Amino acid sequence: MPDLPPTTRRSVLGGALAGGLLAATSSTTAAATERDDVVPARKPGQKSMIGVPFEEHDVVRIGLIGLGNRGMGMLPGWAAVPGAQITAVCDIRADRAKKAADQLVELGKDRPAEYGGSADSYRKLVSSSDVDFVYVATPWEFHYEHGRAALLAGKHVGVELPIATELHQLWSLVDTSERMRKHLFLMENCSYSRNELAMLRMAHEGLFGDITNGHGGYLHDLRELLFSPTYYTDAWRRKWHMRSIASLYPMHGLAPIAACMDINRGDRFVTLRATSTEPKGLYDYRERFIPKDDPIWDETYINGDLVTCLLETEKGRIVRAEHDVSSPRPYSRINSLAGSRGLVEDYVGDGESGARAYFEPDHSGHTWRSFDSYRDKFDHWLWKKVGDNPDNPGGHGGMDYVLQWRIVQQMRAGLVPDIDVYDSAVWCSAVPLSAMSLERGGRPVKVPDFTRGHWAKSRPGLDSPESDMPPVR
Ligand SMILES: NC(=O)c1ccc[n+]([C@@H]2O[C@H](COP(=O)([O-])OP(=O)(O)OC[C@H]3O[C@@H](n4cnc5c(N)ncnc54)[C@H](O)[C@@H]3O)[C@@H](O)[C@H]2O)c1
């Protein structure tokens, strides 16, 4: 096992530009100096976006920014959704925009406008009058800039995880959405996964009794991809492990648990405290697999392998959210929820669902049962209608298309989005707040109320009834 190089581990997001290796980004160095407990006042004319429907669209015209692994992976889904049309594509690398446009023509679609070649090409896409909805799939350090620009250009926008990496940026996105009267939300596909949606319905049906705690995470061995010379463009994701000690990407596991606890819809996160293990995984991988003359050997990794956030809610519930992408392990989002009447534990390999359950009065005798029959019984209508549909290109087990279909149909029908800017901001606040907590020796920091007081009211979200959805044309 290699020794750690002599470096100060700093938890400041955007702080340690290790060895000058990071490309210039729009991200600022703020986490350590930001206040966790300040709720900025609304500016005159700014109003909540809670419950605000989309305006109706006959066809939803979509512009894509960022055409790497994720952007290109989502392209067939956007192209397949009824009533969606990709009218514009953009990547800083113009050849990627051309490739995306070519692929759409091969799929029998109209050729979209192509933008690319410079760092601000995205500005032309967001200001195009042929775009209603912008999808951002660029590296994390650009999400805030791209998402905010789309809002300011009067577009609705879906941003890959996280919508921003700093607390002041999250507030800025909330404020800009409220001012521009346009929605910005996280493209949180795992919230649409089959087990997660069934679990949400069960939570609302009362099967768990009083929900007391939940665990989620993003545990994905990305070491090979992080060190791949071709996978992440310019190794942007590995560079985040040189700049921050933070839970960089916990939202896939945190968001579904937050939904089951009605966060922003009856409860809210009040504090977060974080722990971090030492960074060992990337050093160990480099030692074993990277030639000694590779410039990668100049790099210093500071982020811990396992960063854990412990969040407490107003109602006294506890959520543990994990992040680990640098250790050897099979994939897991943990996805476990417990209450006074029983619990579910996902990713344990049982049955078709891979999950196990134990509920009173159905079960007794301290013996686990399969989750499969519950998943069948509480299967969300979106899965019966869209998840299993032959049009579904199947990305990430089909949940990507469920998300894409749902966004487009809600925009066509003029409905309120399932996920709003407040949900997105609070889930993503775990990124800067974990950095702050670690910077303060693991002490709890306050989780801002991005709803500015509207968190306590029950309202619909991901657990939508099919009856709310008009027939799809
Ligand atoms: N929700 C999910 O399941 C999921 C899965 C994978 C990735 N992601 C997210 O998608 C995003 C992209 O990840 P990826 O794996 O595709 O990375 P990638 O490196 O493959 O792609 C990023 C693309 O953005 C482009 N880009 C960079 N700066 C740009 C700019 N200023 N203007 C336009 N284009 C620019 C790059 O040229 C590249 O093509 C990340 O936020 C990642 O976390 C989400």
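Remarks
- Region 139-227: C-alpha gyration tensor shape, a/c 1.5 cut-off, then a/b vs b/c: oblate
- Per-residue Karplus couplings for region 255-263, computed as 6.51 cos²θ - 1.76 cosθ + 1.60 with θ equal to phi - 60°, are listed in order as 4, x, 5, 4, 5, 4, 8, 6, 5 Hz, Gly and Pro entered as x.
- Selection of chymotrypsin sites (Phe, Trp or Tyr not before Pro), region 320-407, meeting DSSP coil and at most 16 other Cβ within 10 Å: 331, 368
- Per residue, the accessible area of the chain comes to 39 Å², computed with a 1.4 Å probe over protein heavy atoms only.
- When you work out D = kT/(6 pi eta Rh) for region 324-364 at 4 °C and 1.567 mPa s, using the Kirkwood radius from C-alpha pairs as Rh and the Stokes-Einstein form, the result is 112 µm²/s.
- For the chain, with all protein chains in place and a probe radius of 1.4 Å, 50% of the accessible heavy-atom surface sits on carbon or sulfur.
- Residues whose amide H lies under 5 Å from that of residue 416, counting only those 5 or more places away or on a different chain, are 54; hydrogens are built 1.01 Å from N in the peptide plane.
- Whether the chain is rounded, prolate or oblate, judged on the alpha carbon gyration tensor where a/c under 1.5 counts as rounded: rounded
- Region 290-390: trypsin sites (Lys or Arg not before Pro) falling in loop per DSSP and having at most 12 other Cβ within 10 Å: 292
- For residue 157, residues with placed amide H under 5 Å, excluding near neighbours: 134, 183, 184, 185
- Relative contact order (%) - criterion: Cα under 8 Å, at least six apart; region: the chain: 23
- Amide proton proximity set for residue 217, modelled H, under 5 Å, gap of 5+: 253, 254, 322, 334, 335
- Cα gyration tensor shape of region 290-342, rounded if a/c is under 1.5, else prolate or oblate by comparing a/b with b/c: oblate
- The phi-based Karplus calculation (6.51 cos²θ - 1.76 cosθ + 1.60; θ = phi - 60°) puts the 3J(HN,Hα) values of region 110-115 at 5, 6, x, 5, 10, 10 Hz, whole numbers, x for Gly and Pro.
- Calculated [θ] (222 nm, deg cm²/dmol) that DSSP helices of n ≥ 4 give over the chain, each run adding -39,500 (n - 2.57): -8500 deg cm²/dmol
- Whole-Hz couplings from phi, Karplus 6.51/-1.76/1.60, listed for region 347-362; x for Gly and Pro: 6, 10, x, 8, x, 5, 6, x, 10, 10, 9, 7, 10, 8, x, 4
The values are calculated or read from the model by the stated rules, or taken from the named source; none is laboratory data. All values reported here derive from a predicted model rather than from experimental measurement. We place every Cβ from the backbone using ideal geometry, glycine too, and count neighbours over all the protein chains shown. The area values use the complete protein model at the heavy-atom level, side chains included, leaving out ligands, DNA and RNA. Shrake-Rupley method; radii C 1.70, N 1.55, O 1.52, S 1.80 Å.
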